[in-house]
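*Asks:* Okay, here's the structure, questions in a sec.
The values are calculated or read from the model by the stated rules, or taken from the named source; none is laboratory data. Predicted, not measured: the structure shown is a model, and the values here were computed from it. Please note: Cβ atoms are built from the backbone with ideal geometry, for glycine as well, and neighbour counts cover all protein chains shown.
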Ligand code: SF4
C-alpha cells in the first residue's frame, strides 16, 4: 500500500508509540518525510497525537546504527554482517556447549512486529533449545494479563476502543490516559463531553483526565486492591449485584464473598484514605451505569500486588455483570505498540504462541512436528529471573533486541552489574543505546518505518505496516537479523517476507488461525481470536468464557502491601510514568527535534505545599536518594502532585538521571513485573550555583 504520485509516495503504516495502534499514511519524497496523514484508521479514524504526527525525525538521525559493531577492548569496531553473525553464532554455540542451552537468554521487544517476536522465541526454543525467552511486556502489563486469565480466560481487552466510547461509565485506574494513550483519551473526553458519559479517575496524581472527571479519587499509593474489594463487598452486602449474570455465567461466588470479609468500607477508608462515603458513591456509580468499562495501566500493575489488583478489577466487573455486552468490560491499556502481540507470539518463558503452555505435551508435539525439532519441556526464565541468574552465574549469554534494558528495567544499578558479568551479550537496536555500551556485539536494526509486518494493539487488533523507507545503511529489519543468526547456527530458515512468517503463526496459534496478509491488506484489520474463515472478535465472551463450562471464575485475591511506604529516612513516595511528548525512555523521541525541544529533559514534580515547606522553586536541582541509588534532577513545582508524593517521568537524556537508578528489585509476586511505583526517597537540596 504504497501509492506513488509523481515523486511523492504515500505508504500506510502503524504508529509505534503506544498501544492505541493509530494507522496513517506517511508521505515521503525520497527519504524525506513530508507529513503523516491519518485517513481512516480502524482504531483512530482521522486522529493522531503529537508523537504520531511529528515523532519521526529519529529515523534519519545521525546517531542511527548502520553497520554491525564488535567489541574490541573498551571500544567497538565496524564489522560485516557475515562476520558479526558468524561471531554471534560461534559464541552462542560455545556457551550452550559448555553450560547447556539454559545458560542463554533471549529478550524480544514489544516495539517490534509480531513476526519478529515469533522468530525470537522460535530461535530460542527450536535452534538453541531453551525456554529462556521473554519480552518487555514483563515490565508493564503481565499482571493485568494474569488477572484476566484467572477470571475471564483471555488476557486482552474484552472489547474495542469503540466500546469504551459507548460505555455509560468509564473508570480509569492508575492510567495517565491523556498522555500515555492520547487518541483513546480523546474518545473518552468526547463521550464525556458530548454524550454525558460518566468518568471516574482513581490516581495518586491529578493529571488531565482527573481534572475532567465527575469523581476523582486519590487513594494512598499501592492500595487499589483494598477499595476495589470494599466496593465489591458493599455491592454484595447491599444485594446490588447482577444476580442473573452471576447465576448464568459465573462460578465461585461463595468463596469470593468469603474472601471479601475483611474489606469493610471503614477499614478501606483507614487503609486507602478515601472516605467511606466516596466509596459508596463509586459503588452506586457502577451499579447505576448503563455499562462500565474499567481502564487500567501501570499505576495498578507495577506494584507488588499488581496481579491481585488486576484480578480485583475483573472480579468487580463480573459481580456487576459488566462483561459479554457492548459498552462494558476490562481494558488494560497496553503501553508499547505491540505489547499485546509480543506476548501473543509466545515471547514468554511459559507459553509458545497463543498462550499455549510449553509444558503441555500436545502443544509441544504440534510445534515439534512443524519445526522438526525436540523442544524444551519446562518453563524458562523471565526478564527478572534472567538478571538474577546472571548474577548467580547460571545465565552466561544474553541476546536482547529493541529495549534499553539498562535504563528501563527497575534498579538499573543491579541490571548494569549483571551486564558486566555476562560472558557474551548481543544487543540489537536502532541506536547505540546505553545498554549497547555493555554489549559484545551490536546489530543495527531498522525501525518500523523501514519494515513490513504486523502489530497487535491494545484492543487485540492486528494491523499491517508497510515499508515506507528502505533500511538505512546496512541496518536490517529484526526478522531478517534473527533469521541470519538462526541460519548461522545451522538452521535453514527461508522466509522471504513477513507474510510467510504470519502464515506459520496462523497454522500454529489458534488465536491467529484466520490471519492472512491478504485479509489485512491496506487499512483492513482483524481482532483476535480470528477463526479460519477470517471471522474476528471485536467483543470477547459473547458466547461464554473460555473455561470448560463456559463460565467465568470469581477469583479470591489478596492484598499485598507496598514494600516501601515512606518512613523517617525515606519520607517521600516517588511515583513515575510516561509523559505525552516522549516514548518510554526517550531513545527515539529525544532524537526528534520537534519533540525534544518541547520536552528537553527530565524533572521531578513537587507539590506546592512541599515546595514551600522545603524552600524549593521550579528549576532548582535536588538530589533524590532511595535505598537503591540516587539521581540529580531539576524540580518542577506543580499542583498535579500533593503531600509527600513526587512524580518523575521515565524518560531521561542521560542514564545517570534515569528514574530507575532509584527503583528497587521487588516485583509483582505473581509475574515478576517490577514494582516501579513502590519506591520511597528522600530529597536533598543542592546548592544554587
Ligand atoms: Fe501513536 Fe498512540 Fe499517539 Fe496514536 S495515540 S498517534 S498510537 S502515540
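*Asks:* Could you check the range 611-662 and list, in sequence order, the residues that are in contact with a strand residue (DSSP E or B) (Cβ under 8 Å, 6 or more places away or on another chain), part of a helix (DSSP H, G or I) and closer than 20 Å to residue 687 by Cα? Steps first, please.
*Replies:* Looking only at the range 611-662, we keep the residues that are in contact with a strand residue (DSSP E or B) (Cβ under 8 Å, 6 or more places away or on another chain), and these are 611, 614-627, 630-638, 640-641, 644-650, 656-659, 661-662.
Then keep just the ones that are part of a helix (DSSP H, G or I); that gives 611, 614, 656-657, 659, 661.
Across the range 611-662, the qualifying residues are 611, 614, 656, 657.
*Asks:* Sort out for me the helices (runs of 4 or more DSSP H) sitting completely within the range 316-421 that have 1 or more residues that are closer than 24 Å to residue 146 by Cβ and more than 25 Å from the chain's Cα centre (by Cα). Write out each step before concluding.
*Replies:* On the way: elements: 339-344, 361-371, 383-391, 405-408, 412-421.
The qualifying helices (runs of 4 or more DSSP H) are 361-371.
*Asks:* Which residue, of 630, 658, 611, is outside the structural domain of residue 177 (by TED's automatic domain parsing) and out of contact with any helix residue (DSSP H, G or I) (no Cβ under 7 Å at 6 or more places or on another chain)?
*Replies:* Numbers: 630 fails: out of contact with any helix residue (DSSP H, G or I) (no Cβ under 7 Å at 6 or more places or on another chain); 658 fails: out of contact with any helix residue (DSSP H, G or I) (no Cβ under 7 Å at 6 or more places or on another chain).
Every option except 611 fails the conditions.
*Asks:* Right, something else. Are any residues in the range 344-397 free of Cβ contacts under 8 Å to residues at least 12 places away in the same chain, farther than 25 Å from residue 461 by Cβ and in contact with a strand residue (DSSP E or B) (Cβ under 8 Å, 6 or more places away or on another chain), and if so, which ones?
*Replies:* 357, 363
*Asks:* To continue, here is another question. Would it be correct to say that residue 210 is modelled with pLDDT of 95 or more, part of a helix (DSSP H, G or I) and crowded, with 20+ Cβ neighbours inside 10 Å?
*Replies:* Yes; evaluated as a whole, the condition is true for this residue.
*Asks:* Just the residues that are free of Cβ contacts under 8 Å to residues at least 24 places away in the same chain and away from the ligand (no atom under 16 Å from the Cβ), please, taken from the range 177-194. Write out each step before concluding.
*Replies:* Step one: list which residues in the range 177-194 are free of Cβ contacts under 8 Å to residues at least 24 places away in the same chain, which gives 189, 192-194.
Scanning the range 177-194 gives 192, 193, 194.
*Asks:* Which condition breaks for residue 66 when tested against (1) within 26 Å of the chain's Cα centre (by Cα); (2) more than 16 Å from the ligand (Cβ to nearest atom)?
*Replies:* (1) is the only condition that residue 66 fails.
*Asks:* Assigned to a loop (DSSP other than H, G, I, E, B), at pLDDT below 95 and either assigned by TED's automatic domain parsing to the domain that holds residue 447 or at positive phi (or both) - does that describe any residue in the range 563-578?
*Replies:* There is no residue in the range 563-578 that is assigned to a loop (DSSP other than H, G, I, E, B), at pLDDT below 95 and either assigned by TED's automatic domain parsing to the domain that holds residue 447 or at positive phi (or both).
*Asks:* Another question about this same structure. Given the criteria outside the structural domain of residue 101 (by TED's automatic domain parsing) and modelled with pLDDT of 95 or more, does residue 321 qualify?
*Replies:* In short, yes.
*Asks:* Taking residue 683 as the residue in question, decide whether it is over 20 Å from residue 175 (Cβ atoms) and part of a strand (DSSP E or B). Walk me through it before giving the result.
*Replies:* Values: over 20 Å from residue 175 (Cβ atoms): yes; part of a strand (DSSP E or B): yes.
Judged against the criteria, residue 683 is a match.
*Asks:* If you don't mind, there's one more thing I want to ask. Evaluate the following for residue 521: is it under 30 Å from residue 430 (Cβ atoms) and touching a helix residue (DSSP H, G or I) at 6+ places or on another chain (Cβ under 9 Å)? Before the answer, list the steps.
*Replies:* Numbers: under 30 Å from residue 430 (Cβ atoms): yes; touching a helix residue (DSSP H, G or I) at 6+ places or on another chain (Cβ under 9 Å): no.
Against the criterion (under 30 Å from residue 430 (Cβ atoms) and touching a helix residue (DSSP H, G or I) at 6+ places or on another chain (Cβ under 9 Å)), residue 521 does not qualify.
*Asks:* Ok, one more. For residue 77, only one of the following conditions fails: (1) surrounded by fewer than 22 Cβ atoms within 10 Å (Cβ to Cβ); (2) at negative phi; (3) within 16 Å of the ligand (Cβ to nearest atom). What is its number?
*Replies:* Only one criterion in (1) surrounded by fewer than 22 Cβ atoms within 10 Å (Cβ to Cβ); (2) at negative phi; (3) within 16 Å of the ligand (Cβ to nearest atom) is unmet by residue 77, namely (3).
Per-residue answers, yes or no, for (1) away from the ligand (no atom under 16 Å from the Cβ); (2) in a loop (DSSP other than H, G, I, E, B); (3) at pLDDT 95 or above:
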site	(1), (2), (3)
85	yes, no, yes
91	yes, no, yes
111	no, yes, no
115	yes, no, yes
122	yes, no, yes
138	yes, no, no
147	yes, no, yes
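*Asks:* Could I ask something else about it? Go through (1) more than 28 Å from residue 335 (Cα to Cα); (2) surrounded by 15 or more Cβ atoms within 10 Å (Cβ to Cβ) and name the single condition residue 277 misses.
*Replies:* For residue 277, the exception is condition (2).
*Asks:* Out of all the residues in the range 149-176, which are under 16 Å from residue 204 (Cα atoms), away from the ligand (no atom under 16 Å from the Cβ) and surrounded by 24 or more Cβ atoms within 10 Å (Cβ to Cβ)? Working first, answer last.
*Replies:* First, the residues of the range 149-176 that are under 16 Å from residue 204 (Cα atoms): 171-176.
Going one step further and asking which of them are away from the ligand (no atom under 16 Å from the Cβ), we end up with 171, 173-174.
If the condition is that a residue be under 16 Å from residue 204 (Cα atoms), away from the ligand (no atom under 16 Å from the Cβ) and surrounded by 24 or more Cβ atoms within 10 Å (Cβ to Cβ), then 171, 174 are the ones that fit.
*Asks:* Out of 379, 421, I need the residue that is surrounded by fewer than 24 Cβ atoms within 10 Å (Cβ to Cβ), away from the ligand (no atom under 16 Å from the Cβ), in the same structural domain as residue 90 (by TED's automatic domain parsing) and farther than 26 Å from residue 587 by Cβ. Which one?
*Replies:* Working: 421 fails: farther than 26 Å from residue 587 by Cβ.
On inspection, the qualifying residue turns out to be 379.
*Asks:* When you scan the range 93-109, how many residues do you find that are over 18 Å from residue 424 (Cα atoms) and assigned to a helix (DSSP H, G or I)? Before the answer, list the steps.
*Replies:* Applying the first criterion (over 18 Å from residue 424 (Cα atoms)) to the range 93-109 yields 109.
If we keep only those that are assigned to a helix (DSSP H, G or I) too, we end up with none.
Total meeting the criteria: 0.
*Asks:* In the range 1-59, what residues are touching a residue at least 60 places away in the same chain (Cβ under 8 Å), away from the ligand (no atom under 11 Å from the Cβ) and under 22 Å from residue 159 (Cα atoms)?
*Replies:* 40, 42
*Asks:* Is the range 476-496 home to any residue that is more than 16 Å from the ligand (Cβ to nearest atom) and under 30 Å from residue 249 (Cβ atoms)?
*Replies:* Here is the first cut: in the range 476-496, the ones more than 16 Å from the ligand (Cβ to nearest atom) are 476-496.
With the extra rule that they be under 30 Å from residue 249 (Cβ atoms), the set shrinks to none.
So far as the range 476-496 goes, no, none of its residues is more than 16 Å from the ligand (Cβ to nearest atom) and under 30 Å from residue 249 (Cβ atoms).
*Asks:* Filter the range 343-356 for residues that are in contact with a helix residue (DSSP H, G or I) (Cβ under 6 Å, 6 or more places away or on another chain) and surrounded by fewer than 22 Cβ atoms within 10 Å (Cβ to Cβ) and give the result.
*Replies:* Correct list: 354, 356.
*Asks:* Taking the residues in the range 1-29 that are over 25 Å from the mean Cα position of the chain (by Cα) and part of a loop (DSSP other than H, G, I, E, B) as candidates, determine which candidate is modelled with the lowest pLDDT.
*Replies:* Step by step, filter the range 1-29, then rank; the result is 1.
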